[in-house]
Structure formats: C-alpha cells, structure tokens
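Student: Supplied in structure tokens, the structure appears directly below.
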C-alpha cells in the first residue's frame, strides 16, 4: 500500500492493492484523490508474474453512494454506486482502512468543490 499527500490540482495515489473482486476476479484496486479504479490482471504461476489485461473500471468519488466493510470471518470492501444496482465486493487486506480513506477522499473532494 502506498500513501502520498493529496493536492487539489493533481491526481495522487492514496492506496493501491493487488486483490480480487467477487465477479471480476483478480486485479489491482487503486484509490486516488479523484477516483477508485480496478484493473484486471492474470497471474502466471510458472513465472510468478502478473499481466495487466487492459480491462479497467473506474468510479468517480462523487458516484460512490456507500463504502463499507462487510463480513465476519472474511471481510470485504463493499462499494455501492449512485443511480446503479451494481455492488462491488473487493477482497482487500484491510477493508476498514479502505473505507476510512475513501470517505476521507470524498470529504476532501466535497470541501474543495464548495
């Protein structure tokens, strides 16, 4: 995971992690000060490498209706979008930290636009 300072003018990475989503499978989840993005990957055990597949979904922070942690034993980061029935469940190492950072970035973005 990587944390960098955020700037209102430039897009900065806040968190990123190799993870999996329930329906999209494995990929890299990235939170910036402007959006949340998931890019699918394909791993090769023989060479211990990962290949980006070029399939990427992005959510603007303003489009996220809710971010929460769900589950008892296996916790997941759950993202619900505004005006959509889509729910994404990401298996990240510390979903509580992701929820906190997403909410913080949304709050910072809302302060900057007011």
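Student: Among the residues of the range 50-61, are any part of a helix (DSSP H, G or I) and either surrounded by 12 or more Cβ atoms within 10 Å (Cβ to Cβ) or at pLDDT 90 or above (or both)?
Tutor: yes
Student: Give the range 80-105 a look and list any residue that's closer than 14 Å to residue 29 by Cβ, touching a helix residue (DSSP H, G or I) at 6+ places or on another chain (Cβ under 8 Å) and assigned to a strand (DSSP E or B), or say none.
Tutor: 90
Student: Quick check on residue 32: is it closer than 18 Å to residue 19 by Cα and crowded, with 18+ Cβ neighbours inside 10 Å?
Tutor: Yes, satisfied.
The values are calculated or read from the model by the stated rules, or taken from the named source; none is laboratory data. On a predicted model such as this, the values are computed, not experimentally measured, just so you know. Please note: Cβ atoms are built from the backbone with ideal geometry, for glycine as well, and neighbour counts cover all protein chains shown.
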